[in-house]
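Here the structure comes first, spelled out in structure tokens, and everything after it is commentary.
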Amino acid sequence: MLGRGVDQILPHPGDPTLYERSIRDARGYVELAEAANGPIAWPVDYSWPWGDALEVLDNFDPDVRLVNLETSITRSEDFALDKGIHYRMSPDNLPVLSAARLDVCSLANNHILDFGITGLEETLDALNRAGIAAAGAGRSGPIGPAVVEASGGRVVVLSFGTTSSGVPAAWAATVDRPGIALLPDLSDRTAAAVTAEVSRVKRAGDVVVVSVHWGPNWGYDVTTKQVRFAHRLIEGGVDVVHGHSSHTSSTATTSASSTSPPWNPAASPVCAWPPCKPTACACARPHQPTANGCATSSTASAPPGSPSPRTAY
């Protein structure tokens, strides 16, 4: 999230106006941060917001860098007034994304239309200028995948939002309206529709990532519905399920129960502890080996006998 206070400390801040219940100026968040952690010598360098993550990414040396961009890149004043929080960053601060050498931004989330269709379209234009692929949002539906040519072949990224993460149902893209790729639910029927699209676009040798914005903020648990949905995707040909929305780190699990070849810790495109090299995603948290693959260092692997996706957050 590079909007609000973060945008204000970058070299080219946008309009700080907010319409939140308690703060009406984004610079108020800078003041709160400084009160808690000490002065910030701003403007800061474009690499500053990433902190130690850039070094972690460089050490992993992933072929593809994918993030959930939960901020509009826009000067639009079209606030979604039915929402309590809005995120936008100035297009002039676009180098902050380039500093992380991103390849793909997942846009199917509950903030990408905080500043209306104009805000979304400006975001798409900005990413295009930066040479960063956009997944999960577009100028009309249906929304196709983002495809990145990596050293070992193509990485295909499909991105979806859900209403459980706060995405308004009206944000869904249609044939004549810009918006995001919105899942109606996490049913087996919806999973089958996603995997049908995967079958349509996936070629031999491709790695397919499905990035899903699901669930509320500040939760650590992965729900039974999310796990089941992820399993159905993996069984249908998806290689990596990248879940987000909680603003916390949740369990990462691996499994060989996939239509893809059996999981090989020396070659699999999942996040793992070195010497495994992540191909399709870059983890900001260390992973450790387990009997079935890898799990986050602060969580245990799935219970014995329970199937789980090759990588699910």
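Restricted to the stretch 108-119, and to residues that are free of Cβ contacts under 8 Å to residues at least 60 places away in the same chain and part of a helix (DSSP H, G or I), which residue is farthest from ALA26 (Cα to Cα)?
By that ranking, first place goes to THR118.
With respect to the numbered conditions (1) open to solvent by less than 40 Å² (accessible area, probe 1.4 Å); (2) of a type in the set (Phe, Trp, Tyr); (3) within 17 Å of the chain's Cα centre (by Cα); (4) more than 23 Å from ARG101 (Cα to Cα), which one is the sole condition not fulfilled by PHE160?
(4)
Go through the stretch 93-107 residue by residue and tally those that are in contact with a helix residue (DSSP H, G or I) (Cβ under 7 Å, 6 or more places away or on another chain), over 20 Å from HIS244 (Cα atoms) and assigned to a helix (DSSP H, G or I).
3
Give the stretch 39-92 a look and list any residue that's open to solvent by 50 Å² or more (accessible area, probe 1.4 Å), closer than 19 Å to HIS247 by Cβ and at pLDDT 95 or above, or say none.
TRP50, ASP52
Look through ASP188, ASP239 and report the one residue that is at pLDDT 95 or above and surrounded by 15 or more Cβ atoms within 10 Å (Cβ to Cβ). Break it down stepwise before answering.
Working: ASP188 fails: surrounded by 15 or more Cβ atoms within 10 Å (Cβ to Cβ).
Result: ASP239 is the single residue among ASP188, ASP239 that is at pLDDT 95 or above and surrounded by 15 or more Cβ atoms within 10 Å (Cβ to Cβ).
Tell me, please, whether a residue that is within 23 Å of SER246 (Cβ to Cβ), touching a residue at least 60 places away in the same chain (Cβ under 8 Å) and either under 18 Å from the mean Cα position of the chain (by Cα) or open to solvent by 20 Å² or more (accessible area, probe 1.4 Å) (or both) can be found in the stretch 17-36.
Among the residues of the stretch 17-36, at least one is within 23 Å of SER246 (Cβ to Cβ), touching a residue at least 60 places away in the same chain (Cβ under 8 Å) and either under 18 Å from the mean Cα position of the chain (by Cα) or open to solvent by 20 Å² or more (accessible area, probe 1.4 Å) (or both), which makes the answer yes.
Assigned to a loop (DSSP other than H, G, I, E, B) and among the charged types (D, E, K, R): does that describe GLU34?
Numbers: assigned to a loop (DSSP other than H, G, I, E, B): no; among the charged types (D, E, K, R): yes.
Spelling it out, it is not the case that GLU34 is assigned to a loop (DSSP other than H, G, I, E, B) and among the charged types (D, E, K, R).
Answer yes if at least one residue in the stretch 94-106 is at positive phi and either touching a strand residue (DSSP E or B) at 6+ places or on another chain (Cβ under 9 Å) or of a type in the set (Gly, Ala, Ser) (or both), and no otherwise.
Within the stretch 94-106, none of the residues are at positive phi and either touching a strand residue (DSSP E or B) at 6+ places or on another chain (Cβ under 9 Å) or of a type in the set (Gly, Ala, Ser) (or both).
Given the condition basic (Lys, Arg) and under 14 Å from LEU69 (Cα atoms), answer yes or no: does some residue in the stretch 168-177 qualify? Give the derivation first.
Kept after step one, since they are basic (Lys, Arg), are these residues of the stretch 168-177: 177.
With the extra rule that they be under 14 Å from LEU69 (Cα atoms), the set shrinks to none.
Looking for residues that are basic (Lys, Arg) and under 14 Å from LEU69 (Cα atoms), one finds none in the stretch 168-177, hence no.
Just to be sure, is ARG189 assigned to a loop (DSSP other than H, G, I, E, B), more than 14 Å from GLY243 (Cβ to Cβ) and free of Cβ contacts under 8 Å to residues at least 60 places away in the same chain?
Here the answer is no, as ARG189 does not meet what is asked.
Keeping to the stretch 197-226, report how many residues are among the small types (Gly, Ala, Ser), touching a residue at least 40 places away in the same chain (Cβ under 8 Å) and loosely packed, with under 13 Cβ neighbours inside 10 Å.
So the first thing to find is which residues in the stretch 197-226 are among the small types (Gly, Ala, Ser), and the list is 199, 204-205, 211, 215, 219.
Now drop any that are not touching a residue at least 40 places away in the same chain (Cβ under 8 Å), which leaves 205, 211, 215.
Checking the rest, the ones that are also loosely packed, with under 13 Cβ neighbours inside 10 Å come to 205.
Going through the stretch 197-226 one residue at a time, the tally reaches 1.
Mind checking whether some residue in the stretch 30-51 is of a type in the set (S, T, N, Q), touching a helix residue (DSSP H, G or I) at 6+ places or on another chain (Cβ under 8 Å) and closer than 25 Å to GLY161 by Cα? Steps first, answer last, please.
Applying the first criterion (of a type in the set (S, T, N, Q)) to the stretch 30-51 yields 37, 47.
Next cut, touching a helix residue (DSSP H, G or I) at 6+ places or on another chain (Cβ under 8 Å) only: 47.
Then drop every residue that is not closer than 25 Å to GLY161 by Cα, which leaves none.
Within the stretch 30-51, not a single residue is of a type in the set (S, T, N, Q), touching a helix residue (DSSP H, G or I) at 6+ places or on another chain (Cβ under 8 Å) and closer than 25 Å to GLY161 by Cα.
Looking only at the stretch 169-222, which residues are hydroxyl-bearing (Ser, Thr, Tyr) and more than 20 Å from VAL156 (Cα to Cα)? Please lay out each step first, then the result.
Filtering the stretch 169-222 for residues hydroxyl-bearing (Ser, Thr, Tyr) gives 174, 187, 190, 195, 199, 211, 220.
Those that are hydroxyl-bearing (Ser, Thr, Tyr) and more than 20 Å from VAL156 (Cα to Cα): THR174, SER187, TYR220.
The values are calculated or read from the model by the stated rules, or taken from the named source; none is laboratory data. The shown structure was predicted, so the numbers you read here are calculated from the model rather than taken from an experiment. Please note: Cβ atoms are built from the backbone with ideal geometry, for glycine as well, and neighbour counts cover all protein chains shown. All accessible areas refer to the heavy atoms of the entire protein, side chains included, with ligands and DNA or RNA removed. Shrake-Rupley method; radii C 1.70, N 1.55, O 1.52, S 1.80 Å.
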